[in-house]
């Protein structure tokens, strides 16, 4: 399949991205670059200077909402991609309402309780929609520990061990690897 055929197949696909931080912003940009037709993004946060070490934002965007800035960054990369942005703190009901018509949903939360919430919501309310989760990307090095595994309709990308802490901060290289692995997994699902 050549690039034109890939774009043709992806142009009518919708991918939801829950969270617009390190995983979500980088995954969204990767999917926009390959021509996914529509992205539905959601986050409640604003960009801080500390985010710039791993998130797809720019210094001049500090203080702006992540959803507004990510939508603009995607427009600059690929204006053909439709972006529906929700500036909201997601909960189990809004996840269903916002992502119910997606072909695939990407989980890109920082907090374990939010990851658990979206997994439970997906299993119970969106069982036919694949969910691509990021789990274990803190620190640096150890590239070979980052893998993707599937359990029913849930795909887990990361090493499933290295969670963020003071000693293991989230840094651009490993976060980017997992975010791009999530995007690649979305493509595998959509292009099969």
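Filter region 160-191 down to the residues that are part of a helix (DSSP H, G or I), crowded, with 18+ Cβ neighbours inside 10 Å and without any contact (Cβ under 8 Å) to a residue 60 or more places away in the chain and list them by number.
Scanning region 160-191 gives 174, 181, 185.
Of all residues in region 140-159, count the ones that are surrounded by 15 or more Cβ atoms within 10 Å (Cβ to Cβ) and under 22 Å from residue 129 (Cα atoms). Give the derivation first.
Quick first cut of region 140-159, residues surrounded by 15 or more Cβ atoms within 10 Å (Cβ to Cβ) only: 146, 148, 153-159.
Subsequent filtering for residues that are under 22 Å from residue 129 (Cα atoms) retains 148, 153-158.
Residues that pass the stated criteria total 7.
Quick check on region 28-74: of everything there that is within 26 Å of residue 94 (Cβ to Cβ) and over 17 Å from the mean Cα position of the chain (by Cα), which residue is surrounded by the fewest Cβ atoms within 10 Å (Cβ to Cβ)? First the steps, then the outcome.
To start, the set of residues in region 28-74 that are within 26 Å of residue 94 (Cβ to Cβ) comprises 28-32, 36-48, 51, 54-57, 61, 63-74.
With over 17 Å from the mean Cα position of the chain (by Cα) added as a condition, the list becomes 48, 61, 63-64.
Working: 48: 12, 61: 20, 63: 10, 64: 15.
The extreme case among them is 63.
Taking region 85-125 only, how many residues are surrounded by fewer than 20 Cβ atoms within 10 Å (Cβ to Cβ) and free of Cβ contacts under 8 Å to residues at least 40 places away in the same chain? Break it down into steps so the answer makes sense when it comes.
Within region 85-125, the first condition is being surrounded by fewer than 20 Cβ atoms within 10 Å (Cβ to Cβ), and the residues that meet it are 86-89, 91-94, 96-98, 100-101, 103, 110-117, 119-120, 123-125.
Among the residues that remain, those that are also free of Cβ contacts under 8 Å to residues at least 40 places away in the same chain are: 91-93, 96-97, 100, 111, 113, 115-117, 119-120, 123-125.
Residues flagged as surrounded by fewer than 20 Cβ atoms within 10 Å (Cβ to Cβ) and free of Cβ contacts under 8 Å to residues at least 40 places away in the same chain within region 85-125 amount to 16.
Of everything in region 68-84, what is closer than 21 Å to residue 45 by Cβ, out of contact with any strand residue (DSSP E or B) (no Cβ under 9 Å at 6 or more places or on another chain) and outside any helix (DSSP H, G or I)? Give them in sequence order.
none
State whether the residues of region 138-150 include one that is under 14 Å from the mean Cα position of the chain (by Cα) and not in a strand (DSSP E or B). Can you show your working first?
To start, the set of residues in region 138-150 that are under 14 Å from the mean Cα position of the chain (by Cα) comprises none.
So far as region 138-150 goes, no, none of its residues is under 14 Å from the mean Cα position of the chain (by Cα) and not in a strand (DSSP E or B).
Which of the residues spanning region 1-46 are more than 20 Å from residue 64 (Cα to Cα) and in a helix (DSSP H, G or I)? Steps first, please.
Going residue by residue through region 1-46, those that are more than 20 Å from residue 64 (Cα to Cα) are 1-16, 30-38.
Residues satisfying the conditions are 3, 4, 5, 6, 7, 8, 9, 10, 30, 31, 32, 33.
Bear in mind these aren't lab numbers, they're just calculated from the coordinates by the rules spelled out. Source: prediction; values computed, not measured. Quick reminder, even Gly has a Cβ in these numbers, built from the backbone with ideal geometry, and neighbours come from all protein chains shown.
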